[in-house]
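Visitor: What follows is a structure written as structure tokens; I'll ask about it next.
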Amino acid sequence: MNALIGKALAFAAVLIVATIVVVKQMNIDLSDPINLLTMIGAIAIAVLSAGVSAKYISQMKTDTASGELAEENWDGIGEYKNELPAGWAYSFLGTIIWALWYWQFGYPVNAYSQIGEWNQETKEYNQKFEAMHKNADKATLQQMGESIYLVQCAPCHGTTGDGNNGQAQDFTKRMAKDQVLAVINNGQNQLGYPMGAMPPGMASGKDAEDIAAYVAGGMKGEQPAAFAACASCHGADGKGNGGMAPNIAEYDATLMNHTLQNGKKGIIGRMPAFKTTITPIQEKALTEYIQSLSN
Amino acid sequence: MFHWLEKRPFFFAVGVFLVIAFAGLIEILPNFAEAARPVEGLRPYTVLELAGKEIYKKDNCIACHSQLIRPFKAETDRYGQYSLSGEYAYDRPFLWGSKRTGPDLHRVGNYRTTEWHENHMLNPPAVVPGSIMPAYKHMFTNKADIETAYAEAVTVKNVFNTPYGDDIQPGKEAFEKHFKSVVLPEAQKIAADMKNQDVKDAVAKGEIPEIVAMIAYLNSLGDSRYAAKK
């Protein structure tokens, strides 16, 4: 017994010395509380393992069995009749009571579900987001717009917004000449404006060319006479008559809204609708950012 | 109390098995059957989409792309509504994947288009700067295996009762009729949105390059497979 305690102490001492040697060797800075705690922990584990193994080894050497044997035995190996320990019995009863509650009231209303957690998290986040950005200033919106743009829009429109070599709409200007011509020749009815469908062939030949050059040039200089055909819906300034028809001069909030809600197929290709992915505040931010690209 | 049972290890083991098996059956099976049913309004893949799915498997897209959106806010923000098990009812096998070197594709049809996929498959880094996805130029010249896809549709219709129409029938004649009346028009619609002249010519001749089937499959991932949502 005493010899055993001696061995255990020696074992613990070896482990402690080894720990200290390693700490010294690796130049570990003990003024950092984390390092200090780790070393104390290592020493505590060494002492505990030595103590626990000494206890059980001595028990194996000296302990004798006692109690009443059960009737049956297996190849001479018997079993004592033991009462269930009180703690086990109470927790067993507890689980029975809990199971009754769970069957009757807990499931499914009070049960955990991943979808429920998602619902809650999303709802809380959206409320916080709405409250936080209700009156966001221009700089915040533009910053938010840029991050949304990089995730949702950049894969097609390019990270700089130039349409990625003609693969998508170029946001540095409103329309290119061939786009205007394509709309004049084919008409357009995808954005759901109150003015309704634009029929094909509102202008033709040189008139169409003049209009296209004028619109693509940013509506600067002298307005061609043929533009009157456009002005009746899009307005003399091309700004869409206060949201009745698409703004062909700049990216305004209604144009952004109609495009995101409906998607669009033009001569470049199709853009899918983003009505479920982008919230109203995000749309406002995106508008702010896209306007900043053409200015 | 149970010494009579404990003395008979074999019957004791049988009893334990029966209790656990019964509990498992009544707990797991009803949920499983419920969740495996197709979501309301979900249509099975068309033959062209099935051919694309075969290419997805053959070219091992699953090694880098998952098809399972987990119910975490960060994921639903990026990829859309979380996935439901009933959405995979017609996927044999499902292509959940377990590695996201690239993005999840379970709803890619909602936010990418034919034009985008065409540009992207030819040269991914030109569309997504910094992308490490390899180009899949061979898809523009290889022909899709429509016969096998059709055979798959016939098989799942007969074996699993997948709700295909009456025109999916065994036999070469039925296949050719379906090919001309359904598969080819669907492929023509996709080719019309594409720029590659070789692909357009091939489809006009009645051949279907892999890229067309692939794009049909990718466009089908998302809302376009729900009759009700469309």
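The values are calculated or read from the model by the stated rules, or taken from the named source; none is laboratory data. The shown structure was predicted, so the numbers you read here are calculated from the model rather than taken from an experiment. Every residue, glycine among them, receives a Cβ derived from its backbone with ideal geometry; neighbour counts consider all protein chains shown.
Visitor: Of the conditions (1) within 21 Å of B:Glu115 (Cα to Cα); (2) more than 22 Å from the chain's Cα centre (by Cα), A:Asn135 fails just one. Which one is it?
Guide: (1)
Visitor: Read through the list (1) at pLDDT 90 or above; (2) more than 14 Å from the chain's Cα centre (by Cα), then give the number of the only condition that B:Ala51 fails.
Guide: (2)
Visitor: OK, next. What number goes with the only condition from (1) more than 30 Å from B:Asp77 (Cβ to Cβ); (2) away from chain B (no Cβ under 14 Å) that A:Ala70 does not pass?
Guide: For A:Ala70, the failing item is (2).
Visitor: Do we find that A:Gly78 is in contact with a strand residue (DSSP E or B) (Cβ under 6 Å, 6 or more places away or on another chain) and away from chain B (no Cβ under 12 Å) in this structure? Show your work before the answer.
Guide: On the way: in contact with a strand residue (DSSP E or B) (Cβ under 6 Å, 6 or more places away or on another chain): yes; away from chain B (no Cβ under 12 Å): yes.
Considered against the rule, which asks whether it is in contact with a strand residue (DSSP E or B) (Cβ under 6 Å, 6 or more places away or on another chain) and away from chain B (no Cβ under 12 Å), A:Gly78 comes out as yes.
Visitor: Taking the stretch B:25-48 as the region of interest, how many residues are in a helix (DSSP H, G or I) and either at pLDDT 90 or above or closer than 30 Å to B:His138 by Cβ (or both)?
Guide: Residues in the stretch B:25-48 being in a helix (DSSP H, G or I) and either at pLDDT 90 or above or closer than 30 Å to B:His138 by Cβ (or both): 4 in total.
Visitor: If you take just the helices (runs of 4 or more DSSP H) that sit entirely in the stretch A:205-277, which of them hold at least 1 residues that are in contact with a Lys or Arg (Cβ under 6 Å, 6 or more places away or on another chain) and among the aliphatic types (A, V, I, L, M)?
Guide: Where helices (runs of 4 or more DSSP H) fall fully within the stretch A:205-277 and carry at least 1 residues being in contact with a Lys or Arg (Cβ under 6 Å, 6 or more places away or on another chain) and among the aliphatic types (A, V, I, L, M), they are A:205-216.
Visitor: Is it true that B:Phe94 is touching a residue at least 12 places away in the same chain (Cβ under 8 Å), aromatic (Phe, Trp, Tyr) and surrounded by fewer than 21 Cβ atoms within 10 Å (Cβ to Cβ)?
Guide: Taking the combined requirement at face value, the residue satisfies it.
A quick yes/no check of all residues on (1) more than 10 Å from chain A (Cβ to nearest Cβ); (2) under 16 Å from the mean Cα position of the chain (by Cα):
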residue	(1), (2)
B:Gly97	yes, yes
B:Arg100	yes, no
B:Glu115	no, no
B:Ala126	no, no
B:Tyr150	yes, yes
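Visitor: Considering each residue of the stretch B:199-230, count those that are without any contact (Cβ under 8 Å) to a residue 60 or more places away in the chain, part of a helix (DSSP H, G or I) and not aliphatic (A, V, I, L, M), and give that number.
Guide: Counting residues in the stretch B:199-230 that are without any contact (Cβ under 8 Å) to a residue 60 or more places away in the chain, part of a helix (DSSP H, G or I) and not aliphatic (A, V, I, L, M) gives 2.
Visitor: Follow-up. Kindly provide the set of residues from the stretch A:108-132 that are outside any helix (DSSP H, G or I) and surrounded by 10 or more Cβ atoms within 10 Å (Cβ to Cβ), ordered by number.
Guide: Answer for the stretch A:108-132, where residues must be outside any helix (DSSP H, G or I) and surrounded by 10 or more Cβ atoms within 10 Å (Cβ to Cβ): just A:Ser113.
Visitor: Which residues, taken from the stretch A:102-118, are polar (S, T, N, Q) and away from every other protein chain (no Cβ under 12 Å)?
Guide: Residues satisfying the conditions are A:Gln104, A:Asn110.
Visitor: Another one. Can you confirm whether A:Ala182 is among the hydrophobic types (A, V, I, L, M, F, W, C), in the same structural domain as A:Ala212 (by TED's automatic domain parsing), in contact with a Gly (Cβ under 9 Å, 6 or more places away or on another chain) and closer than 29 Å to A:Ala208 by Cβ?
Guide: yes
Visitor: Let me confirm something: among A:Ile278, A:Ile267, which residue is more than 17 Å from A:Ala182 (Cα to Cα), within 14 Å of chain B (Cβ to nearest Cβ) and at pLDDT below 90?
Guide: A:Ile278
Table: residues versus (1) at pLDDT below 90; (2) surrounded by fewer than 12 Cβ atoms within 10 Å (Cβ to Cβ).
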| site | (1), (2) |
| --- | --- |
| A:Lys7 | yes, no |
| A:Ala10 | no, yes |
| A:Val21 | no, yes |
| A:Ile28 | yes, no |
| A:Asp32 | yes, yes |
| A:Leu36 | no, no |
| A:Ile43 | no, no |
| A:Val52 | no, yes |
| A:Ser58 | yes, no |
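Visitor: Checking B:Pro30 against (1) exposed (fewer than 11 other Cβ atoms within 10 Å of the Cβ); (2) away from chain A (no Cβ under 14 Å), which test does it fail?
Guide: (2)
Visitor: Just to verify a result, which residue in the stretch A:146-179, among those that are assigned to a helix (DSSP H, G or I), facing chain B (nearest Cβ under 8 Å) and without any contact (Cβ under 8 Å) to a residue 60 or more places away in the chain, is farthest from A:Thr277 (Cα to Cα)?
Guide: Selected residue: A:Pro155.
Visitor: Which of the residues belonging to the stretch B:100-144 are surrounded by 18 or more Cβ atoms within 10 Å (Cβ to Cβ), charged (D, E, K, R) and touching a residue at least 60 places away in the same chain (Cβ under 8 Å)?
Guide: Correct list: B:Arg107, B:Arg112, B:Glu115, B:Glu118.
Visitor: Select from the stretch A:159-174 the residues that are more than 14 Å from A:Ser292 (Cα to Cα) and surrounded by 19 or more Cβ atoms within 10 Å (Cβ to Cβ) and list them in ascending order.
Guide: Within the stretch A:159-174, A:Asn164, A:Gln167, A:Ala168, A:Gln169 meet the criteria.
Visitor: Only one of these conditions is not met by A:Ile211: (1) in contact with a Phe, Trp or Tyr (Cβ under 6 Å, 6 or more places away or on another chain); (2) among the hydrophobic types (A, V, I, L, M, F, W, C); (3) outside the structural domain of A:Gly266 (by TED's automatic domain parsing). Which number is it?
Guide: (3)
Visitor: Follow-up. Here is a list: B:Glu75, B:Glu6. Which entry is of a type in the set (Asp, Glu), within 13 Å of another protein chain (Cβ to nearest Cβ) and in contact (Cβ under 8 Å) with a residue 12 or more places away in the chain? Walk me through how you get there before you give the answer.
Guide: Details: B:Glu6 fails: in contact (Cβ under 8 Å) with a residue 12 or more places away in the chain.
B:Glu75 is the lone residue from the list that is of a type in the set (Asp, Glu), within 13 Å of another protein chain (Cβ to nearest Cβ) and in contact (Cβ under 8 Å) with a residue 12 or more places away in the chain.
Visitor: Considering (1) within 14 Å of chain B (Cβ to nearest Cβ); (2) farther than 23 Å from A:Asp237 by Cα; (3) not charged (D, E, K, R), say which one A:Thr140 fails and leave the rest.
Guide: Tallying (1) within 14 Å of chain B (Cβ to nearest Cβ); (2) farther than 23 Å from A:Asp237 by Cα; (3) not charged (D, E, K, R), A:Thr140 fails exactly one: (1).
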